[in-house]
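The values are calculated or read from the model by the stated rules, or taken from the named source; none is laboratory data. Quick caveat, the model's predicted, so the values are computed rather than measured. Neighbour counts are summed over all protein chains in view; Cβ atoms, including those assigned to glycine, are modelled from backbone coordinates with ideal geometry.
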Amino acid sequence: MAYIREKRRGRRSYYYLVENYREDGHTRQRVIKYLGTKRPRGRQKGFRGT
């Protein structure tokens, strides 16, 4: 399942579409697409931005 992740660097926020996967028994995140610096509009399933 893919969801939107917010990463903060200083005052700026960067948004990515990411998915989780397992590798050697550990959970990892894979970036599917960079979405930019503006908060995505509309209601997004699984969006947990703060």
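More than 9 Å from the chain's Cα centre (by Cα) and at pLDDT 90 or above: does that describe ARG5? Can you show your working first?
On the way: more than 9 Å from the chain's Cα centre (by Cα): no; at pLDDT 90 or above: yes.
No: the conditions fail for ARG5.
The residue list ARG11, ARG5, ARG39 contains one member that is free of Cβ contacts under 8 Å to residues at least 24 places away in the same chain and out of contact with any Pro (no Cβ under 8 Å at 6 or more places or on another chain), which is ARG11. Selection over the stretch 8-43 of residues that are in a loop (DSSP other than H, G, I, E, B) and over 15 Å from the mean Cα position of the chain (by Cα) gives a count of 5.
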